[in-house]
Amino acid sequence: MLNVIVTGGSRGLGLGICGKLAAAGYCVIAIARKKGDKLEAAMHEAEIVNPKSFHFVPFDLADIEGIPDLVKKLRKDFGPIYGLVNNAGISFESVLALMPTSQIEQLIRINTLSPIILTKHVTRSMMADGGGRIVNLASIIASTGYSGLAVYGATKASLVGFSRSLAREVGRMGINVNSVAPGFIETDMTHGLKEEQRQQIERRSALRRLAEVEDVANAVEFLLSEKAKNITGTTITVDAGNTA
């Protein structure tokens, strides 16, 4: 089985991606601070259907200095790394003028700096092994904007630019780099939306609904597959036509 790292894999979108990839025959390595009941249940289910397809490695992605050792450990324990899905992210809703600097720094550290450093070290491993796939989870907010999410939008826009340039750097080594930009989907990060906000988003979407976790997971699975061997440096938008 091909090894794929998924950050933020303990819940929400990350957990959905892990489940989809494990079912597709990959060896999934979920990275998160804590396991949690939902991840435990998903791992148990995967073990029954496809033994040794779903693993968990605890790590706080805010620990930038510990990332090199993390990658060394993953490669030692699991072997060559075929795929990296940079999904982990946090969000604070606040107008920029009132947002504490500590929150701004935390957003940039987790959403931008951490995935870049992790990708740096995973890419070295992929180069040694002759190729691989990297998928960065961005957001439609990177291009549309959203009031109260200026810093979050900036971090997600940075991942899109990062993906495009990195795709040119590592393409000759057989490494594909792409982004997936979800719209508002059913996850813990959208449960805070008021019903009025939710209905407004649905009305604005071409399909008059929110995209689902499985839709985004399908896009990630596609980009990791052989079907996407000639797709790199691009962004797939999954938003039920919100930005159409």
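The values are calculated or read from the model by the stated rules, or taken from the named source; none is laboratory data. Being a predicted model, the structure only gives us computed values, none of them experimental. Note that each Cβ is placed from the backbone with ideal geometry, even for glycine, and that neighbours are counted across all protein chains shown. Side chains are part of the model used for accessible areas, which takes the heavy atoms of the whole protein and leaves out ligands, DNA and RNA. Shrake-Rupley method; radii C 1.70, N 1.55, O 1.52, S 1.80 Å.
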Query raised in the report: Quick one: would you say residue 34 is assigned to a loop (DSSP other than H, G, I, E, B), within 23 Å of residue 91 (Cβ to Cβ) and open to solvent by 30 Å² or more (accessible area, probe 1.4 Å)?
Result: yes
Query raised in the report: Restricting the search to segment 208-235, which residues are modelled with pLDDT of 95 or more, out of contact with any Leu (no Cβ under 7 Å at 6 or more places or on another chain) and not in a helix (DSSP H, G or I)?
Result: 225, 229, 230, 232, 233, 234, 235
Report task. Working only within segment 125-152, note down all residues that are in contact with a Gly (Cβ under 7 Å, 6 or more places away or on another chain) and open to solvent by 10 Å² or more (accessible area, probe 1.4 Å). Result -> 130, 131, 133, 141, 142, 145, 146
Query raised in the report: Mind checking whether some residue in segment 92-100 is part of a helix (DSSP H, G or I), within 16 Å of the chain's Cα centre (by Cα) and either surrounded by fewer than 17 Cβ atoms within 10 Å (Cβ to Cβ) or in contact (Cβ under 8 Å) with a residue 60 or more places away in the chain (or both)?
Result: no
Query raised in the report: Out of 71, 122, 85, which single residue is under 28 Å from residue 228 (Cα atoms), touching a residue at least 60 places away in the same chain (Cβ under 8 Å), assigned to a helix (DSSP H, G or I) and open to solvent by less than 70 Å² (accessible area, probe 1.4 Å)?
Result: 122
Query raised in the report: Across segment 43-52, what is the number of residues that are open to solvent by 30 Å² or more (accessible area, probe 1.4 Å), in contact (Cβ under 8 Å) with a residue 24 or more places away in the chain and not charged (D, E, K, R)?
Result: 2
